[in-house]
Amino acid sequence: MANLVGAFCTAHVPLIASRPGVADKKQVDHVMEAFAKIRTRMTELEIDTAIVVGDDHYTMFGPHCLPRILIGIGDVDGPHEEWLGHERAPIANNPAMAEHIMEYGFDHDFDWAVAKALTIDHSTFVPYLKVIKELDNVKMIPVYVAAGVMPLIKPKRCVQLGEMIADAVADYPGDERVAIIGTGGLSHWVGAADMGKVNEEFDHEMIDMIKRRDIDAMLALTDEYVLETAGNGAFEYRNWLVAMGAVKNYELDLLCYEPISPWVTGTTLVEFKFAA
Amino acid sequence: MSVNTIEKILWEFGDDPTRAKAFLKNPDGYLEQFQLTEDEFKMVRTMDLKAMDKYGVSNLLGMMVWPLLNGNNQLMAFDYLKRMNHGELPNNFKLPGWQFRMIKTALWVRNGWVGALCFVGLKKSLT
């Protein structure tokens, strides 16, 4: 059977791909070093498939159809956004495993939306660009949850999704070594009047909850509180909850935290190191 | 007739930029195809970002269409932010003082230039 052996969370702020240099060089360097550490760990863990969890930003999907949970089972390419400054190009999926996870979900009360061919946006493209693309032979299965556009997915469902994905991987009759990567920023106000502000206090509280794997505390956060305190972008902690749900016991390795106003976000990268 | 319709209009600008061009060419005619209240029509017609924000339109869309309708350049994000803050640009990006002042000046000059062009255009159309 396949093994889930790695779990990470990374920022996916588009400026990482398009214009990282607008931010302070020291902060940018810290973030890039953290991406390098993830690449090193992925290599050490001999990862060959990464399940990357992102959220649409009204880029891929429109008001006519807003999937709450989506899996890409076939052809993948990206990025969707031309302004990221990267040519759209094919991205290797693991279609057999993706289809297995899809079917496993159907059998376990997850009626996914399914993308047979998907052009990904920056939320999964940035981790692809900075981690997966630079490694040899790592395939990527994109998963999207509604953490950016209303109506949002319930956080509890994200935890359940992570649990189900871990079970689906364990049920897969291959010998793949798999990582799950949650993506997104901490506090950030996307397109709002406060765009550029970062609430470091909220960010540290969130990191602390993640460190303790205090899922109950995270589920107790109301959307009103998160919006008021940390902005509309902070709803992306839902993506992280998927990764947290997939790993029952871990020790958090905080690879970096930087409040980067020019990138309009509290930026952090972590590894969930599997505990016995 | 709802925030959903406005979101549809804005999203379609991003999905198919020829729609944004059609809107710029003939905004009243373009908006006729949608079911909008008088207030909603005015909001979109004037691209009143602040009003749309207050009405509940996704900020993701406001930010997406602003450069499509106003040109994508280095000042775009600041111009957008200024409009979202009642005409006062906050230094949310924590830029050094000199740089922030330079951007404010550049915006002032650009908007003054655009205003002058509009005035000339209006005068021409009246005579």
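Could you list, in sequence order, all residues of the range A:159-201 that are charged (D, E, K, R) and either more than 17 Å from A:Val52 (Cβ to Cβ) or surrounded by 23 or more Cβ atoms within 10 Å (Cβ to Cβ) (or both)? Show your work before the answer.
Our first condition is that a residue be charged (D, E, K, R); within the range A:159-201, this holds for A:163, A:167, A:171, A:175-177, A:194, A:197, A:200-201.
Selection gives A:Glu163, A:Asp167, A:Asp171, A:Asp175, A:Asp194, A:Lys197, A:Glu200, A:Glu201.
When the range A:48-103 is examined, which residues are found to be modelled with pLDDT of 95 or more, open to solvent by 10 Å² or more (accessible area, probe 1.4 Å) and assigned to a helix (DSSP H, G or I)?
Listed by number, the residues that qualify are A:Pro95, A:Ala96, A:Glu99, A:His100, A:Met102, A:Glu103.
So, in the range A:259-276, exactly how many residues are more than 18 Å from A:Val190 (Cβ to Cβ) and open to solvent by 10 Å² or more (accessible area, probe 1.4 Å)? Show your work before the answer.
Quick first cut of the range A:259-276, residues more than 18 Å from A:Val190 (Cβ to Cβ) only: A:269-276.
Those still in the list that are open to solvent by 10 Å² or more (accessible area, probe 1.4 Å) too: A:273-276.
Matching residues across the range A:259-276 total 4.
If a residue counts only when it is open to solvent by 40 Å² or more (accessible area, probe 1.4 Å), which helices (runs of 4 or more DSSP H) contained entirely in the range B:1-117 have at least 3 such residues?
Working: elements: B:3-15, B:17-25, B:27-31, B:38-45, B:49-55, B:59-70, B:76-84.
Correct list: B:3-15, B:17-25, B:38-45, B:49-55, B:59-70.
Just give me the residues in the range A:109-158 being in a helix (DSSP H, G or I), open to solvent by 10 Å² or more (accessible area, probe 1.4 Å) and closer than 24 Å to A:Lys248 by Cα, in sequence order.
Within the range A:109-158, A:Pro155, A:Lys156, A:Arg157 qualify.
Assuming A:Met218 fulfils every condition listed in (1) closer than 21 Å to A:Lys273 by Cα; (2) open to solvent by 20 Å² or more (accessible area, probe 1.4 Å) apart from one, which condition is it?
(2)
Kindly indicate whether any position in the range B:118-127 is part of a helix (DSSP H, G or I) and either touching a Pro at 6+ places or on another chain (Cβ under 7 Å) or open to solvent by less than 30 Å² (accessible area, probe 1.4 Å) (or both).
From the range B:118-127, those part of a helix (DSSP H, G or I) are B:118-126; that's our starting set.
Okay, now just the ones that are also either touching a Pro at 6+ places or on another chain (Cβ under 7 Å) or open to solvent by less than 30 Å² (accessible area, probe 1.4 Å) (or both), so none.
No; the residues of the range B:118-127 include none that is part of a helix (DSSP H, G or I) and either touching a Pro at 6+ places or on another chain (Cβ under 7 Å) or open to solvent by less than 30 Å² (accessible area, probe 1.4 Å) (or both).
Are there any pairs with C-beta distances below 7 angstrom linking a residue in the range B:1-18 that is at the interface with chain A (Cβ under 9 Å from one of its Cβ atoms) to a residue that is surrounded by 12 or more Cβ atoms within 10 Å (Cβ to Cβ) and among the polar types (S, T, N, Q), with the two at least 6 apart or on different chains, and if so which?
B:Glu7/B:Ser58
The values are calculated or read from the model by the stated rules, or taken from the named source; none is laboratory data. Remember, predicted model here, so these are calculated numbers, not experimental data. Because the Cβ atoms are built from the backbone with ideal geometry, glycine has one as well, and the counts that use them run over all protein chains shown. What goes into the accessible areas is simple: the full protein's heavy atoms, side chains included, and nothing from ligands, DNA or RNA. Shrake-Rupley method; radii C 1.70, N 1.55, O 1.52, S 1.80 Å.
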